[in-house]
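The values are calculated or read from the model by the stated rules, or taken from the named source; none is laboratory data. Quick caveat, the model's predicted, so the values are computed rather than measured. We place every Cβ from the backbone using ideal geometry, glycine too, and count neighbours over all the protein chains shown. Quick note on the areas: whole protein, heavy atoms, side chains included, nothing else; ligands and nucleic acids left out. Shrake-Rupley method; radii C 1.70, N 1.55, O 1.52, S 1.80 Å.
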Amino acid sequence: MSDSFDLLLKGGQVVTPGGILAADIGLRDGRIAAIGALGDTVAEIFDAGGLTVLPGVIDSQVHLREPGLEYKEDLATGTAAAALGGVTAVCEMPNTKPSTTSEAALADKLDRARGRAWVDHAFFIGASADNADDLGRLERLPGCAGVKLFMGSSTGTLLVDDEAVLARVLANGRRRVAVHAEDETRLRERRAMVDGGAPVAMHPVWRDEETALLATRRLLRLARTAGRRVHVLHVTTAQEMALLANHKDLATVEVTPQHLTLAAPECYERLGSLAQMNPPIRGEEHRQALWRAVEQGVVDVLGSDHAPHTLEEKAKPYPESPSGMTGVQTMVPLLLDHVAAGRLSLQRFVDLTSAGPARTYGIAGKGRIAVGYDADFTVVDLKARRRISNLWITSKCGWTPYDGMQVTGWPLATIIGGRVVMREDSLLGEPGGKPLVFFSA
Ligand code: DOR
């Protein structure tokens, strides 16, 4: 093999499936061509000396709000935020306006992303009573990340809580279904406790542990009957983790960095409705249970659930204030800070943010640094001490719940398909993100 590379990443500590090695990585035609002590004919060198090279971080739960809600975010700003935060690919949720429930709506998102998305991307199809029987076809369309099912209502109008429709959704198709598990009946029964105004600290009281557990239990029962694999998004309770640990043959598990970092009541006192999301941030005992589930391997994926809302919207009195917080840009620095503090190993970070999403959704060519894989890298300085600030946030809504937080560890470059897209907090070149390719499509 001739050693001629388009780009050589030289002198980094490289996180490979076999361990962390001091190695160069040779890139050719957007892929990884060689790993080792490399030189020879190289068009360009990226000096990774003193840096750590991770496989590209895939954020498999983001809400980018286009079409219909572009005043909060769009595909250009949301993916710019991703690239600036060291994220190389995103899977986007269907609760836009209109909801992404048809082939035409999916094609529209893919069109809008062309030439405007900074990172690679795919879009979920939202499950509904109207498209339930067609999901087996829709989930295989190019650029489709799979099916997203809202069992409890959150932002937007997507909701399936009828038993027969849930069974149809799970019966039609083969790919893993991503699920927001909160029990709609219980949410409605208990809504009176916050209706007409309440402190935002009531959010996890209204949408309590039982609300989450009921839906997850119901989901597992229906998925078992249908023989369908599911991915339970943003799991928040100790009880669900105990249950999910007994269903690893059927269900994969996502946790968000915010549920691992923030805890009630402190977060509501300090951040008010900026800490409001669904399912809610809960008390310290749940935060610790989520960390235990990360340590024990029950958790498969960390996803940000990037859900931007404007500060104006967030200023409405609870419960009119919308649920959700930004996260795609802060996920890597925040998690690296947990790595620096010894709560997460670097290998486990990679497993949860790159290999995990690739495995869970069947993303082809991504998730590890290996010859033949896409040349996607999150290049980080594990020692950099930086402060997260609203000024750095590129998301249209312009805020983060971590404003002012000092962290150790920062993404210094984002490389996608062999192109350096971000370096030292600046975007480079033009937006060239491509649709993700899936094994199972
Ligand atoms: O807090 C949330 N916000 N949870 C969701 O499920 C949806 C999201 C949004 O789109 O705002």
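Could you list, in sequence order, all residues of region 273-285 that are within 16 Å of the ligand (Cβ to nearest atom) and closer than 20 Å to Thr211 by Cβ? Of everything in region 273-285, those that are within 16 Å of the ligand (Cβ to nearest atom) and closer than 20 Å to Thr211 by Cβ turn out to be Ser273, Ala275, Gln276, Met277, Asn278, Pro279, Pro280, Ile281, Arg282.
I need the full set of residues from region 161-182 which are at pLDDT below 95 and surrounded by 22 or more Cβ atoms within 10 Å (Cβ to Cβ), in order please. Answer for region 161-182, where residues must be at pLDDT below 95 and surrounded by 22 or more Cβ atoms within 10 Å (Cβ to Cβ): there is none. When the residues of region 97-112 are filtered to those that are touching a residue at least 24 places away in the same chain (Cβ under 8 Å) and of a type in the set (Asp, Glu), the one that is farthest from Ser128 (Cα to Cα) is Asp108.
Note on region 368-395: among residues that are assigned to a loop (DSSP other than H, G, I, E, B) and in contact with a Gly (Cβ under 8 Å, 6 or more places away or on another chain), the one that is surrounded by the most Cβ atoms within 10 Å (Cβ to Cβ) is Asp376. Residues of region 121-170 that are in a loop (DSSP other than H, G, I, E, B), away from the ligand (no atom under 16 Å from the Cβ) and in contact with a strand residue (DSSP E or B) (Cβ under 6 Å, 6 or more places away or on another chain): Glu139, Gly143.
Only one of the numbered conditions (1) closer than 30 Å to Asp351 by Cβ; (2) touching a helix residue (DSSP H, G or I) at 6+ places or on another chain (Cβ under 9 Å); (3) open to solvent by less than 10 Å² (accessible area, probe 1.4 Å) is violated by Leu213, and that is (3). Just to be sure, is Arg188 surrounded by fewer than 17 Cβ atoms within 10 Å (Cβ to Cβ) and farther than 28 Å from Lys72 by Cα? When the stated conditions are applied, Arg188 does not pass them.
From the list Thr360, Thr378, exactly one residue is closer than 23 Å to Arg175 by Cα, away from the ligand (no atom under 16 Å from the Cβ) and of a type in the set (Ser, Thr, Tyr). Which is it?
Just a single option satisfies the conditions, and that option is Thr360.
Can you find, within region 171-185, the residue that is nearest to Asp249 (Cα to Cα) among those that are of a type outside the set (Gly, Ala, Ser) and more than 16 Å from the ligand (Cβ to nearest atom)? That would be Arg176.
Taken over region 243-275, the criterion of being in a loop (DSSP other than H, G, I, E, B), in contact (Cβ under 8 Å) with a residue 60 or more places away in the chain and over 21 Å from Val332 (Cα atoms) is satisfied by Pro265 alone.
Scanning region 274-305 for residues that are touching a Pro at 6+ places or on another chain (Cβ under 8 Å) and open to solvent by 10 Å² or more (accessible area, probe 1.4 Å) yields a count of 3. Among residues of region 65-88 that are surrounded by fewer than 20 Cβ atoms within 10 Å (Cβ to Cβ), those with a beta-carbon under 7 Å from a residue that is acidic (Asp, Glu) and not in a loop (DSSP other than H, G, I, E, B) at least six positions away or on a different chain give the pairs Pro67/Asp108.
Among residues of region 165-193 that are of a type in the set (Ser, Thr, Tyr), those with a Cβ under 9 angstrom from a residue that is part of a loop (DSSP other than H, G, I, E, B) and within 16 Å of the ligand (Cβ to nearest atom), sequence gap 6+ or separate chain, pair up as Thr185/Asp161.
One line per residue, one yes/no per condition, for (1) at pLDDT 95 or above; (2) closer than 30 Å to Ile416 by Cα; (3) within 20 Å of the chain's Cα centre (by Cα):
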position: Ile281; (1), (2), (3): yes, no, yes
position: Glu312; (1), (2), (3): yes, no, no
position: Lys316; (1), (2), (3): yes, no, no
position: Ser354; (1), (2), (3): yes, yes, yes
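Close contacts from region 278-299, counting a first residue that is touching a residue at least 60 places away in the same chain (Cβ under 8 Å) and a second that is among the small types (Gly, Ala, Ser) and open to solvent by 10 Å² or more (accessible area, probe 1.4 Å), with Cβ to Cβ under 7 Å and a gap of 6+ residues or different chains, come to Asn278/Ser154; Asn278/Ser323; Ile281/Ala263; Ile281/Ala264; Arg282/Ala264; Gly283/Ala263; Gly283/Ala264; His286/Ala238. Here is the figure for region 399-430: residues that are open to solvent by 30 Å² or more (accessible area, probe 1.4 Å) and within 16 Å of Ala81 (Cα to Cα) total 11. Remark: pairs (first residue in region 311-327, over 19 Å from Glu92 (Cα atoms) and within 12 Å of the ligand (Cβ to nearest atom); second residue assigned to a helix (DSSP H, G or I) and open to solvent by 30 Å² or more (accessible area, probe 1.4 Å); Cβ separation under 7 Å; 6+ apart in sequence or on different chains) = Lys314/Leu274.
Taking region 240-272 as the range and being of a type in the set (Ser, Thr, Tyr), closer than 24 Å to Ser60 by Cα and within 15 Å of the ligand (Cβ to nearest atom) as the test, only Thr256 passes.
Residues satisfying the criterion are absent from region 106-123 (criterion: of a type in the set (Asp, Glu) and open to solvent by less than 10 Å² (accessible area, probe 1.4 Å)). Can you name the residue in region 306-340 that is open to solvent by 30 Å² or more (accessible area, probe 1.4 Å) and out of contact with any strand residue (DSSP E or B) (no Cβ under 8 Å at 6 or more places or on another chain) and is also farthest from Lys72 (Cα to Cα) among such residues? The residue in question is Pro317.
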